[in-house]
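See structure below.
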Amino acid sequence: MKKTVDISLPVGPMHPCFKEPCRIKCETRGEYVLSAEVELGYVKKGIERIMRGRPWQEVMFLAERVCGICSVIHNFVFIESVEKISGIVPTERAAYLRVIVNELDRMQSHLLANYSYCYTIEHETLAMYLLNLRETVMDQLELITGARVTCAYIVPGGVRSDLRPDDADTLRAALDHIDAELSRFVRIFETGPLIALRSKGIGILTKEAAIESHAVGPTARASGIDNDQRSTHPTYKALGFSPIIRQEADNYARIMVRFEEVFQSTGLIRSALAAMKEGPIRGGGTIKAGSIRYRGEAPRGELLYELTTDDYGRILEIAIQTPSIPNIQVCSHAMLIDAQSAADITSIFISSDPCIACTER
Amino acid sequence: MSLLQNLKNAVRSRSIHVAYVNVGSCNGCDIEILACLSPRYDIEQYGIYVHNNPREADVLLITGAFSPQWEDKLKPLWDKIPHPKVAVAIGNCPISGCVFNRPETLVDPPVSKHIPIAAEIPGCPPRPTEIISTILSLAPIIFKDYEETKK
Amino acid sequence: MNRYLYEKDLRQMKLIILESRRHDAAVMELAATLGIKRQQLRKILIERSDMMFLENLPARCDAARETGDDTERLLGIPLLTQAFHLLSREEGVSVREQYLQRIQSGTTLEGALLEAQMEILEMIKR
Ligand code: SF4
């Protein structure tokens, strides 16, 4: 009789499919995955420790560098929590500009996530299409904020620079281009037989497991959980936002949720552009003492900042809970279990859009 | 100069294999390397291939300040890369530690303490074009006449 | 001799994870309900869980706090079974039932709580 041997299969820390270093140790029987364990510490920088006791002007830039892919939302949530403590209200135009930049950031992050997934399942053509489309989004981000990645656009009371009318026209044209191109790519994704084989029914995340591990963002929304912090944010409410939810709970659903959210983002930017009136983009204010727990919706899910400030505007205590933490945990301890083949390990892992840099901070 | 060396020079300048390693960055520099892959910048038209496999790489791109887990891992990784090889530090992080080099931090920059760095691209993050032009200008200098100068 | 490639002692790094603010609060909370010191609980957690799990402790606690009735919360059962995975669900149920039985048979509330804590600790250490 053939004997099945249990082996421990390490993946990483350097792996052609991973953007970032982390190590998954899988216990396998043949190709069947029995359990998985994640080993971190490759990008631990101790940002929360550095932040403690520093003035907000410094912490603002540190917060942005928690994660380079979704830097705008860290900026956004940190500034909004400081504003909430001190009772500063951003001007109306600034609030809309924040939404526009945040949605552009979400679009590029989702496109990048879907790029890595397509690359992992070896559909390189589609991956390159998506990466090229992402450059269009990056151009718009650069046009508005002045930098591609770490732009520090949002400041207490408003934003740093205004959107010129001709820039708004460029932005609208780019949005139309993205919509047209992306609907073509989504059709390729939906109908491709190879993609369906490697995505549908693979990496199932049940609703119970998702709730128990507090999964957030597209990973949770693909399992039918209605959890989107944008639906409680006042500016998004004014724009008539409602979250996208799917029920299939597999790799395919997670990628499709991200695609649909890109379309939703273009819609939100259009309505923000239409609703925006001329006005000042910067108000003033002083930072006061207080403490707060504030949530925002990052591209990967719910982002939580818990901070205490003092009267001099210093950050005394801070704790950041990034969306990748629950998502990677549920991915490694629920989705990877029962994977039928070792080749699915990387694709399942990438489908939850892991971002190690913000997991470890 | 021998004919063989000329041939090798010509071949090497059109075929550069790249691996990148993140030793504790914020991902900002990593996605700028990824952006180089996109058809907009099209790194492959210069004959640069990103494999992310150290055993067949010529150029190692390093991003990030140096986090403690890498202490015993970066050196073996560098040793695995076949000669001729070169390491390029991307971003402020491997050069100075960027914003992370403060009291209480866990990182241990600069990376040049641990492995030899041939070129540094400052910027937080540098633009994809800067990354490509650095690789392109560096590679011929390092790889030219490698066998002859080695002796 | 075979030396494992890249195997490293992770205890120090796990401790760094547990030292951050929200993790510390979660560990303190459970240590208080169990009646043990924070260091003891940290030691148990470092031995039992992988790094990803430790990172996710506060979020799991948030999710677990919304479940369970008053008795279970007093004993910390939702945290133990769902968030920290130190007990299985059946064990959680049995601890609760025994606690209720003791109260019915005339033990004081504090006495029953102490006994339940002892029982949980026995189960964890096993
Ligand atoms: S140099 Fe800047 S963008 Fe690059 S990894 Fe460091 S902090 Fe991030």
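The values are calculated or read from the model by the stated rules, or taken from the named source; none is laboratory data. Worth saying up front: this structure is predicted, and the values here are computed from it rather than measured. Using ideal geometry, Cβ is built from the backbone for each residue, glycine included, and neighbour counts are taken over all protein chains shown.
The number of residues in the stretch C:64-113 that are over 15 Å from C:I124 (Cα atoms), of a type in the set (S, T, Y) and within 14 Å of chain A (Cβ to nearest Cβ) comes to 1. With respect to (1) under 21 Å from the mean Cα position of the chain (by Cα); (2) under 26 Å from A:D162 (Cβ atoms), the lone exception for A:I356 is condition (2).
Of the residues in the stretch B:117-124, not one is under 14 Å from the mean Cα position of the chain (by Cα) and within 9 Å of chain A (Cβ to nearest Cβ). Within the stretch B:67-91, restricting attention to residues that are surrounded by 23 or more Cβ atoms within 10 Å (Cβ to Cβ) and either within 13 Å of another protein chain (Cβ to nearest Cβ) or part of a helix (DSSP H, G or I) (or both), the residue that is nearest to the ligand (Cβ to nearest atom) is B:G91.
Sub-7 Å Cβ pairs linking a first residue in the stretch A:344-361 that is outside any loop (DSSP other than H, G, I, E, B) to a second residue that is of a type in the set (D, E, K, R), at least 6 apart or interchain, are A:S347/A:R198; A:S351/A:R254; A:I356/A:E20; A:A357/A:E20; A:T359/C:E55; A:E360/A:K44, ordered by first then second residue. Whether any residue in the stretch B:10-21 is within 16 Å of the ligand (Cβ to nearest atom) and either in contact with a strand residue (DSSP E or B) (Cβ under 8 Å, 6 or more places away or on another chain) or polar (S, T, N, Q) (or both) is what I want to check. Yes: the stretch B:10-21 contains one or more residues that are within 16 Å of the ligand (Cβ to nearest atom) and either in contact with a strand residue (DSSP E or B) (Cβ under 8 Å, 6 or more places away or on another chain) or polar (S, T, N, Q) (or both).
Among the residues of the stretch A:308-323, those that are in contact (Cβ under 8 Å) with a residue 40 or more places away in the chain and under 21 Å from the mean Cα position of the chain (by Cα) comprise A:I318, A:A319, A:I320, A:T322, A:P323.
Checked against the criterion of being assigned to a loop (DSSP other than H, G, I, E, B), in contact (Cβ under 8 Å) with a residue 60 or more places away in the chain and out of contact with any strand residue (DSSP E or B) (no Cβ under 7 Å at 6 or more places or on another chain), the candidates A:P280, A:P326 yield just one match: A:P280. Once the stretch C:37-53 is narrowed to residues that are surrounded by 16 or more Cβ atoms within 10 Å (Cβ to Cβ) and more than 9 Å from every other protein chain (Cβ to nearest Cβ), the residue that is nearest to A:I211 (Cα to Cα) is C:S49. Please indicate, with yes or no, whether at least one residue in the stretch A:66-77 is modelled with pLDDT of 85 or more and away from every other protein chain (no Cβ under 14 Å). Yes, because at least one residue in the stretch A:66-77 is modelled with pLDDT of 85 or more and away from every other protein chain (no Cβ under 14 Å).
So how many residues does the stretch B:20-56 have that are in a loop (DSSP other than H, G, I, E, B) and either surrounded by fewer than 24 Cβ atoms within 10 Å (Cβ to Cβ) or facing chain A (nearest Cβ under 7 Å) (or both)? I'd like the intermediate steps shown before the answer.
Start the filter on the stretch B:20-56 by keeping residues that are in a loop (DSSP other than H, G, I, E, B), which leaves B:23-27, B:38-42, B:47, B:51-53.
When the remaining residues are screened for being either surrounded by fewer than 24 Cβ atoms within 10 Å (Cβ to Cβ) or facing chain A (nearest Cβ under 7 Å) (or both), the result is B:24-27, B:38-42, B:47, B:51-53.
Total meeting the criteria: 13.
For beta carbons closer than 6 Å, sequence separation of 6+ or different chains, a first residue in the stretch A:22-39 that is part of a loop (DSSP other than H, G, I, E, B) and a second that is of a type outside the set (A, V, I, L, M), the qualifying pairs are A:C22/A:G12; A:G30/A:T4; A:E31/A:S341.
State which residue is nearest to A:S35 (Cα to Cα) when the search covers only the stretch C:53-101 and only residues that are among the charged types (D, E, K, R) and not in a helix (DSSP H, G or I). Steps first, please.
Here is the first cut: in the stretch C:53-101, the ones among the charged types (D, E, K, R) are C:55, C:60, C:62, C:65-66, C:69-70, C:72-73, C:89-91, C:96-97.
Retained after the next criterion (residues that are not in a helix (DSSP H, G or I)): C:66, C:69.
Numbers: C:E66: 28, C:D69: 32 Å.
Applying the filter and picking the extreme gives C:E66.
Given the residues C:E66, C:E29, which is the only one that is farther than 24 Å from A:C358 by Cβ and under 15 Å from the mean Cα position of the chain (by Cα)? Write out each step before concluding.
On the way: C:E66 fails: under 15 Å from the mean Cα position of the chain (by Cα).
Testing whether each residue is farther than 24 Å from A:C358 by Cβ and under 15 Å from the mean Cα position of the chain (by Cα) leaves just C:E29.
All of (1) over 27 Å from A:I202 (Cα atoms); (2) surrounded by fewer than 22 Cβ atoms within 10 Å (Cβ to Cβ); (3) within 13 Å of chain C (Cβ to nearest Cβ); (4) not hydroxyl-bearing (S, T, Y) hold for A:I320 with one exception: (2).
How many of the residues in the stretch B:92-106 are outside any helix (DSSP H, G or I) and within 10 Å of the ligand (Cβ to nearest atom)? Step through it out loud before you land on a result.
Going residue by residue through the stretch B:92-106, those that are outside any helix (DSSP H, G or I) are B:97, B:101-106.
Of the ones still in play, those that are also within 10 Å of the ligand (Cβ to nearest atom) are B:97.
Number satisfying all stated conditions: 1.
Counting only residues that are in a loop (DSSP other than H, G, I, E, B) and more than 16 Å from the ligand (Cβ to nearest atom), which one in the stretch B:57-66 is nearest to the other protein chains (Cβ to nearest Cβ)? Write out each step before concluding.
Let us first name the residues in the stretch B:57-66 that are in a loop (DSSP other than H, G, I, E, B), namely B:57-58, B:64-66.
Checking which are more than 16 Å from the ligand (Cβ to nearest atom) leaves us with B:57-58.
Details: B:A57: 11, B:D58: 16 Å.
Across the stretch B:57-66, the extreme among qualifying residues is B:A57.
Pairs linking a residue in the stretch B:120-143 that is among the polar types (S, T, N, Q) to a residue that is within 16 Å of the ligand (Cβ to nearest atom) and modelled with pLDDT of 85 or more, with Cβ atoms under 6 Å and 6 or more positions apart or on different chains, are B:T134/B:A119; B:T134/B:I121.
With respect to (1) surrounded by fewer than 12 Cβ atoms within 10 Å (Cβ to Cβ); (2) part of a loop (DSSP other than H, G, I, E, B); (3) charged (D, E, K, R), the lone exception for A:R246 is condition (1). Within the stretch A:143-171, residues that are within 14 Å of chain B (Cβ to nearest Cβ) and without any contact (Cβ under 8 Å) to a residue 12 or more places away in the chain have Cβ atoms under 9 Å from residues that are within 16 Å of the ligand (Cβ to nearest atom) and aromatic (F, W, Y) in these pairs: A:A147/A:Y153, counting only partners at least 6 apart in sequence or on another chain. Could you look through the stretch C:97-122, keep only residues that are surrounded by 14 or more Cβ atoms within 10 Å (Cβ to Cβ) and hydroxyl-bearing (S, T, Y), and pick out the one that is modelled with the highest pLDDT? So, considering only residues that are surrounded by 14 or more Cβ atoms within 10 Å (Cβ to Cβ) and hydroxyl-bearing (S, T, Y), the one modelled with the highest pLDDT is C:Y99.
Only residues that are within 16 Å of the ligand (Cβ to nearest atom) and part of a loop (DSSP other than H, G, I, E, B) were counted in the stretch B:107-123, giving 7.
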